[in-house]
């Protein structure tokens with residue numbers, strides 16, 4: 001089971017109590033409007049929470065991509081050096097070992 005890294009709050013948008021702990025009503029008139037206003041304000045809070053989490057995700061992603069950029073630049077530099085060595089390499093200038101000739105003679109004589 002994966003670990004939860006980020007949680008969007010509030011979870012329940014319309015869960016509000018129109019009565020206090022003693023049981024008396026907090027809102028005396030237009031309860032539907034009070035619930036609607038509370039739901040709308042909780043939705044705005046949830047969107048704000050989502051925006052903060054998105055900013056966190058994108059900043060983390062940016063730092064990871066900067067690391068990838070640095071590693072790819074280092075790899076590109078190494079590949080450039082290897083490419084230069086390969087282009088300078090001339091196989092005609094490399095001497096052939098005499099070991100191959102000696103083993104051929106030993107096989108024929110053996």
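Please treat every number below as a calculation from the coordinates, not as lab data. None of the values given here were measured: they were computed from a predicted structure. Using ideal geometry, Cβ is built from the backbone for each residue, glycine included, and neighbour counts are taken over all protein chains shown.
What's the center-to-center distance, using Cα atoms, between the range 78-93 and the range 10-54 in Å?
Centre-to-centre (Cα) distance: 70 Å.
Give the residues of the range 32-70 whose amide nitrogen is closer than 15 Å to a point set 7 Å from the Cα of residue 9 in the direction of its Cβ.
Hits in the range 32-70 for residue 9 at 15 Å: 42-53.
Could you give me D for the range 25-94, from Stokes-Einstein at 10 °C and 1.306 mPa s, where the hydrodynamic radius is the Kirkwood radius over C-alpha pairs? Units µm² s⁻¹, please.
On the way: Rh = 17.9 Å.
The Stokes-Einstein estimate is 89 µm²/s.
Could you tell me the calculated FRET efficiency between residue 21 and residue 51, based on Cβ-Cβ distance and R0 = 35 angstrom, to the nearest 0.05?
Working: r = 33 Å, r/R0 = 0.96.
Result of the calculation: an efficiency of 0.55.
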